[in-house]
Amino acid sequence: GVLKPTRLAQWVGKLQEGERNSGLFWAACRLTEAGFTPAAVEAALAPAAQSAGLEETEIAVTIRSANRRATENQPPAAGAQWRDQTPLGSRRGDGQCLV
């Protein structure tokens, strides 16, 4: 079926302490894989994550890392021109600690 950001947001809003960060990460990965931009993911999930008790900065960091993980782990979808097509490791700042 179609992924509904509101359903994921409701789920994120009910997360308990100890599962909030990983739950937000999981939900953000699902939305990113479905083609949502980081800004759209944050707009959909941040209010729910805040109501669950997460701090704004923590939410932003979690959504950014979910976006990186989700876009690294899958080939770009047809028509997903907004994605960074630079090969991994050649982006400035990426992969420096792996050497």
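Which residues in segment 26-44 have a backbone N closer than 16 Å to a point placed 7 Å from the Cα of N73 along the Cα-to-Cβ line? In segment 26-44, the label zone of N73 (backbone N under 16 Å from the point 7 Å along Cα→Cβ) covers 26-36.
Annotation for E19 and R64: the two label points, set 7 Å from Cα along the Cα-Cβ direction, are 2.8 nm apart.
How long is the gain from L3 to A43 if the chain were fully straight, where each residue apart is worth 0.36 nm and the alpha carbon distance is subtracted?
Working: separation 40, 0.36 × 40 = 14.40 nm, distance 1.54 nm.
Fully extending the segment from L3 to A43 adds 12.9 nm.
We did not get these values from a lab; they are worked out from the coordinates using the rules stated. Every value quoted in this text rests on a predicted model; they were computed, and no experiment measured them. Neighbour counts are summed over all protein chains in view; Cβ atoms, including those assigned to glycine, are modelled from backbone coordinates with ideal geometry.
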